[in-house]
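Remarks on the structure that follows.
The values are calculated or read from the model by the stated rules, or taken from the named source; none is laboratory data. From a predicted model like this one, the values you see are computed outputs, not experimental measurements. Cβ placement follows ideal geometry from the backbone for every residue including glycine, while neighbour counts extend to all protein chains displayed. What goes into the accessible areas is simple: the full protein's heavy atoms, side chains included, and nothing from ligands, DNA or RNA. Shrake-Rupley method; radii C 1.70, N 1.55, O 1.52, S 1.80 Å.
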Amino acid sequence: MLSGPTRPSIGTTFPPLRDDVVDAAVIGGGVIGLATAWRLAQRDLRVAVIDPSPGSGASFVAGGMLGGVAETGFAEADAASTHVVARDSWDPFLAELSATIGRPLPYAAPGTVMVGFDRSDAQAIDHLVTFQRNLGLPGRPVDRGELDVLVPGLGRSVRSGYFLDRDAAVDNRAVVVALIEAATTLGVCGVSENCTSITATRSGLTVTTTEGQLHASSVVVATGAAPLPALPDATSAPAIYPVGGVILRLEPLRDVQTPAVVVRSVVRGRPLYLVPRPDGSLVLGATAVERGFDVAVHVSDLHQLLDDGRMLLPFLDECGVLDVMTGLRPTTPDHRPIVGATTTPGLYLALGHYRNGFLLAPATAEHLASLVASHGAGR
Ligand SMILES: Cc1cc2nc3c(=O)[nH]c(=O)nc-3n(C[C@H](O)[C@H](O)[C@H](O)COP(=O)(O)OP(=O)(O)OC[C@H]3O[C@@H](n4cnc5c(N)ncnc54)[C@H](O)[C@@H]3O)c2cc1C
């Protein structure tokens, strides 16, 4: 499947909402909105997810890496402990999700290797690991012998690297499906429409969609990188903009051993990653381009990914291409998420998770659910 502007489908959705009053409405069913809806429903709230196509946004395209250490770059020193705590919250989160849906939801990859392609790339990785080590986030050095076991097929130019044993990855699409199922078991329903506005009334909030209205004590806006619905006058709209990212999903190779861990790299100065999926397919990503809402895949995107990918991992030449997609990372000017209450009582934002929506989803959902519950939605 080659997909550009058409909307993908995760293949499952919520049962339709039969009422026009709920305790909490979640606008947007990406990983952030879905995890929040599940946590809200666990607090005995009647919850609706408003989204024409849950799971079709950035959450469909993401690598699913939980980069507790790897995502702590030079500009993110203050987020280091948040990243590590968020990553570690995935163990109980996945266990609880698996138990709720009644089937195992394993990590897609159990750890991460960081390697530089050439000498200057390797120096860049060394520099980053030294910085992370100074923050108390150690990567374990690995030599070429160990790399050959962890990353079979790695190009000969790589001599050494680092192993981050807790920076795992999840299968993003499997997690989204599981969250819809888990929330559905607790009675969460869906409205398959776009939300156009949210207004404050004396008794709560009114959510207007393309086809109708519903009333909620609390509303969580989790619309990813999309333009926000109109918010109540008292609430200033935050600046959110899309940063596009193209990924390729590649077919498993018969008779060729491929990496079982995430491979993060710098190739001639450009970041690149490869994430294995439980079905054996490999996700190669990702570009970072600011072209507004243009999700067309440009030749330059493909050229960059393929050129860098096959230099680092020559076996990629033999792989079939399963799909090529662009996702829009929801981004804020300082690259920090906007999560919490607004000046309008009952209205909450869960926006701007940029490169780390999966990493941060359990933490964001838990935080919002306790805020909403303390506001007294439904009571
Ligand atoms: C190429 C790429 C790779 C990435 N890799 C990783 C990674 O490895 N690890 C990681 O942690 N993060 C990664 N990310 C980031 C991650 O995907 C995002 O941060 C995360 O998916 C954001 O989730 P979300 O729920 O906020 O938004 P989305 O998943 O975009 O969901 C938003 C939802 O809101 C709905 N919506 C929008 N407007 C409206 C409206 N008006 N009314 C109703 N519904 C609406 C949409 O239909 C959509 O379903 C990656 C992103 C990209 C693009």
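So the values come out like this:
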item: Ranked order, His127, His353 - accessible area, probe 1.4 Å, largest first; result: His127, His353
item: Percent RCO, i.e. relative contact order, over the chain, from Cα pairs under 8 Å lying at least 6 residues apart; result: 26 percent
item: Debye, to nearest 20: dipole size of the chain, +1 on Lys, Arg Cβ, -1 on Asp, Glu Cβ; result: 240 debye
item: Of Arg39, Arg329, Arg103, the one that fluctuates the most in a GNM where the chain has Cα springs shorter than 10 Å; result: Arg103
item: Residues whose placed amide H lies under 5 Å from that of Gly30, excluding near-sequence neighbours; result: Gly55
item: Relative counts (whole %) of C-alpha pair distances in the chain, using bins that are 10 Å wide; result: 5, 24, 33, 23, 11, 4, 0
item: Leu17 accessible area, 1.4 Å probe, all protein chains in place, Å² to nearest 10; result: 40 Å²
item: Solvent-accessible heavy-atom area per residue, rounded to whole Å², over the chain at 1.4 Å; result: 42 Å²
item: Area accessible to solvent at Ile125, 1.4 Å probe radius, in Å²; result: 10 Å²
item: For Ser203, solvent-accessible area (1.4 Å; no DNA, RNA or ligand), Å²; result: 110 Å²
item: FRET efficiency, Thr210 to Asp255 (Cβ-Cβ, R0 51 Å, nearest 0.05); result: 0.50
item: DSSP-loop trypsin sites (Lys or Arg not before Pro) across segment 177-281, with at most 11 other Cβ within 10 angstrom; result: Arg202, Arg254
item: Crossing angle, helix 357-375 versus the chain [Cα axis fit, 0-90 degrees, rounded to tens]; result: 20 degrees
item: Percent carbon-and-sulfur accessible area, the chain, ignoring ligands, DNA and RNA, probe 1.4 Å; result: 54 percent
item: Helix-only [θ]222 nm of the chain, DSSP H runs n ≥ 4, -39500 (n - 2.57) each, per residue, nearest 500; result: -8500 deg cm²/dmol
item: Förster radius 25 Å - calculated FRET efficiency between Leu371 and Ser197, Cβ distance, rounded to 0.05; result: 0.65
item: Computed E for Arg156/Ala239 - FRET, C-beta separation, R0 30 angstrom, nearest 0.05; result: 0.10
